[in-house]
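The values are calculated or read from the model by the stated rules, or taken from the named source; none is laboratory data. Because the structure is a prediction, the values reported are computed rather than measured. Because the Cβ atoms are built from the backbone with ideal geometry, glycine has one as well, and the counts that use them run over all protein chains shown.
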Amino acid sequence: MMTIPLEPLWLTAKLAAVTTVLLVLLGTPVAWWLAHTRSRVKPFVEAAVALPLVLPPTVLGFYLLVALGPAGVVGGIWQQLGGTPLVFSFTGLVIGSVLFSLPFAVQPLQGAFEAVGRGPIEEAATLGAGPLDRFVTVAVPLARRGYVTAATLGFAHTVGEFGVVLMIGGNIPGDTEVASIAIYNAVERLDYAQAHALSLVMLAFAFVLLVTMQLIHRRWSRG
Amino acid sequence: MSEATILLALRRAGFALEVDLSLELEGIVGVYGPSGAGKTTLLRCLAGLERDATGSIAIGPSTWQDSATGQFLPPHRRGIGYVAQEPSLFEHRTVHGNLEYGWRRRGGDHDTFEQIVALLALAPLLKRRITGLSGGERRRVAVGRALVARPQLLLLDEPTANLDMRTRAELLPYLERIHDETDVPVLLVSHVVDDIARLADRVVLLDEGRVAAVGSLEDILTRVDLSPALAPGAESVITAQVADHDEAYHLTRLTFSGGDVWVPREPFATGSVVRVRVAARDVSLTLERPAATSILNLLDASVQAIVDVNAAQVLVRLDVAGTPLLARVTRRSAHALGLEPGTPVVAQVKSVALAG
């Protein structure tokens, strides 16, 4: 009898959900700025956002470990303000995941905003819509495909991350032991049954998620 | 009716707009000029879409912009209607949803909404999605969307650009109806003289970012003192009234201050006002009324000015009882007839076409 350990799965889902919400909220202004700016800093910001695509996750994880640790810039200030330690905590995982998956949210959103262009936004302005109004009622609905892609990829990528989590999450069951780590631990223990069970759930989930995304796109492209 | 005072400067790489213009906002004002003259930029400045334009814009009692006081009314507070050359309709909304967008935000009333829907024949399209609309329908929806919001001024940028001839012919009557059935003043940008001749009452001629001339359509079209690159098309427009129809010969007689003009029978009611266009090359000149001629349209005129078109031809600007008319004749004929400003002549108009 194969039992599926639910705790790591639940933790993974929670981490991915929180990360996705933050990714969309943070990714939107960054992507909007990148899509419309003529600033000379743009290539540098774009490169910084894209870094997690090329860096080994352990490198990002290492820097995060240093920065978020009690002696680090961020971690030190955080703890002086009365925060609980960031490394080896769920909050630390969220910070790491958001940074690690940022390009997966920013790039589709930036592409979508660029595709919408200035035209509809300007015409909304001439029809009496203020800046926030036209952003919410014109830019976001027209960029909705970008939002679906950003949210799906951000979620899926967070579910699939391993290296960063390993570096800054530690391995605390119920707190930071997400599914990918639990699979690694199960294999280390030679508990192949549990590794199989978790892997199968992950595989099925990833497939369903991507199919859903494709179906949504198809539906929208038919108009 | 209000007065617009526009004093604008905007610098771009390789281009500078420097416009000093004041005009009555009434009817359709055509903004005409070659590509790159700054027509679109001028419209965008008026709409408030060019944030770095300096100068001032005053429309009636309200100031939209004044660099001296640092005032800049953003586009959503200007109360304008703006239809871009390739209008971007909101594809996530139906036609009705598009029309409602500005109408709700400007607190439009139902009567206006219904009036504009009827004016532009949008009723059958209301439930349609934007993606299914033809090029002509898209333009009509975009114009309607701007008009239902009851703008103080409607800015139309090349409304017939990239439309095939048939679609253009279908769209133009709707634009005429804006002129005839609403009191919204229109600024119409076009580099197509046909559109200007058909729709505009007055014309602003723009060249290299500056206003080259402002005046009535009839006057601007027949100006001979402008550089040939700017001369709209060597043709004249006569605004005339339908007098009666000759059923036997299938002709329609039009009258204007300078006399009668016969055109092939047109289905217009007696008394209606029409515009006819006369190409300069279709006008020949004689000093006396010919006793027998196949040409129906003979108009008494006097020469106002003569300019060379090329080595062989000259353009003669005539005054036909207040209406300007252009004639293109050979330099040799002009010399033989002894044409000079003030010479009385008879203009023989070979062919007359209704504007369209």
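Screening residue B:108 against (1) under 20 Å from residue A:142 (Cα atoms); (2) within 14 Å of chain A (Cβ to nearest Cβ) leaves a single unmet condition, (1).
Could you check, for segment B:168-185, whether at least one of its residues is touching a Pro at 6+ places or on another chain (Cβ under 8 Å) and either buried (at least 24 other Cβ atoms within 10 Å of the Cβ) or of a type in the set (Val, Ile, Thr) (or both)? The answer is yes; a qualifying residue exists. In the set (1) more than 30 Å from residue A:211 (Cβ to Cβ); (2) at pLDDT 90 or above; (3) in contact with a helix residue (DSSP H, G or I) (Cβ under 6 Å, 6 or more places away or on another chain); (4) more than 14 Å from chain B (Cβ to nearest Cβ), the condition left unmet by residue A:87 is number (2).
Considering B:62, B:22, B:56, the condition of being modelled with pLDDT under 90 and away from every other protein chain (no Cβ under 14 Å) is satisfied by B:62 alone. Here segment B:120-153 is the region considered, the condition is being touching a strand residue (DSSP E or B) at 6+ places or on another chain (Cβ under 7 Å) and at the interface with chain A (Cβ under 10 Å from one of its Cβ atoms), and the residue that is farthest from residue B:76 (Cα to Cα) is B:129. Evaluated against (1) touching a strand residue (DSSP E or B) at 6+ places or on another chain (Cβ under 6 Å); (2) of a type in the set (A, V, I, L, M, F, W, C); (3) in a loop (DSSP other than H, G, I, E, B), residue B:204 falls short on exactly one condition, (3).
Got a sec? Which of A:157, A:196 is over 25 Å from residue B:91 (Cα atoms), touching a Phe, Trp or Tyr at 6+ places or on another chain (Cβ under 6 Å) and either within 14 Å of chain B (Cβ to nearest Cβ) or in a helix (DSSP H, G or I) (or both)? Let's see the steps before the verdict.
Details: A:196 fails: touching a Phe, Trp or Tyr at 6+ places or on another chain (Cβ under 6 Å).
Going through A:157, A:196 in turn, the sole match is A:157.
In segment B:179-194, the qualifying residues are those that are out of contact with any Phe, Trp or Tyr (no Cβ under 9 Å at 6 or more places or on another chain) and in a helix (DSSP H, G or I), and the one that is modelled with the lowest pLDDT is B:194.
Beta carbons closer than 6 Å, at least 6 apart along the sequence or on distinct chains, never pair a first residue in segment A:139-154 that is away from chain B (no Cβ under 11 Å) with a second that is basic (Lys, Arg). In segment B:72-96, the qualifying residues are those that are more than 7 Å from chain A (Cβ to nearest Cβ) and hydrophobic (A, V, I, L, M, F, W, C), and the one that is farthest from residue B:136 (Cα to Cα) is B:72. Listed by first and then second residue, the pairs with beta-carbon distance under 7 Å, at least 6 apart or on different chains, first residue in segment A:37-63 and within 20 Å of residue A:96 (Cβ to Cβ), second among the acidic types (Asp, Glu), are A:57/A:161. Restricting attention to segment B:289-304, the residues being in contact (Cβ under 8 Å) with a residue 40 or more places away in the chain and more than 18 Å from residue B:325 (Cα to Cα) number 2. Among residues of segment B:258-281 being charged (D, E, K, R) and at pLDDT below 90, the one that is surrounded by the most Cβ atoms within 10 Å (Cβ to Cβ) is B:277.
Mind listing whichever residues of segment B:7-58 are in a helix (DSSP H, G or I) and small (Gly, Ala, Ser)? Don't jump to the end; show me each part of the working.
Step one: filter segment B:7-58 for residues in a helix (DSSP H, G or I), giving B:39-47.
Residue satisfying the conditions is B:47 alone.
Whether any residue in segment A:92-99 is away from every other protein chain (no Cβ under 11 Å) and either of a type in the set (D, E, K, R) or more than 13 Å from the chain's Cα centre (by Cα) (or both) is what I want to check. Within segment A:92-99 (the criterion being away from every other protein chain (no Cβ under 11 Å) and either of a type in the set (D, E, K, R) or more than 13 Å from the chain's Cα centre (by Cα) (or both)), the answer is yes, since at least one residue qualifies. Residues considered: A:119, A:130. Of these, the only one that is in contact with a Ser or Thr (Cβ under 8 Å, 6 or more places away or on another chain), farther than 17 Å from residue A:150 by Cβ and within 14 Å of chain B (Cβ to nearest Cβ) is A:119.
Assess whether residue B:69 counts as being surrounded by fewer than 18 Cβ atoms within 10 Å (Cβ to Cβ), of a type outside the set (Gly, Ala, Ser), over 30 Å from residue A:140 (Cα atoms) and away from chain A (no Cβ under 12 Å). Here the answer is yes, as residue B:69 does meet what is asked. All of (1) within 26 Å of residue B:48 (Cα to Cα); (2) at the interface with chain A (Cβ under 8 Å from one of its Cβ atoms) hold for residue B:103 with one exception: (2).
Across segment B:100-150, which residue is nearest to residue B:85 (Cα to Cα) among those that are among the small types (Gly, Ala, Ser) and touching a Gly at 6+ places or on another chain (Cβ under 6 Å)? Spell out the reasoning first.
Start the filter on segment B:100-150 by keeping residues that are among the small types (Gly, Ala, Ser), which leaves B:102, B:107-108, B:118, B:121, B:123, B:132, B:134-136, B:142, B:144, B:146, B:149.
Now drop any that are not touching a Gly at 6+ places or on another chain (Cβ under 6 Å), which leaves B:102, B:146, B:149.
Details: B:102: 19, B:146: 14, B:149: 19 Å.
Result: B:146.
Residues in segment A:48-88 that are of a type in the set (Gly, Ala, Ser) and either more than 17 Å from the chain's Cα centre (by Cα) or on the phi > 0 side of the Ramachandran plot (or both): A:67, A:69, A:71, A:72, A:75, A:76, A:82, A:83. As a summary of the residue check, residue A:157 satisfies the conditions (1) modelled with pLDDT of 90 or more; (2) more than 18 Å from the chain's Cα centre (by Cα) except for the one numbered (2). The residues in segment A:107-129 that are in contact (Cβ under 8 Å) with a residue 12 or more places away in the chain and part of a helix (DSSP H, G or I) can be counted, and the count is 13.
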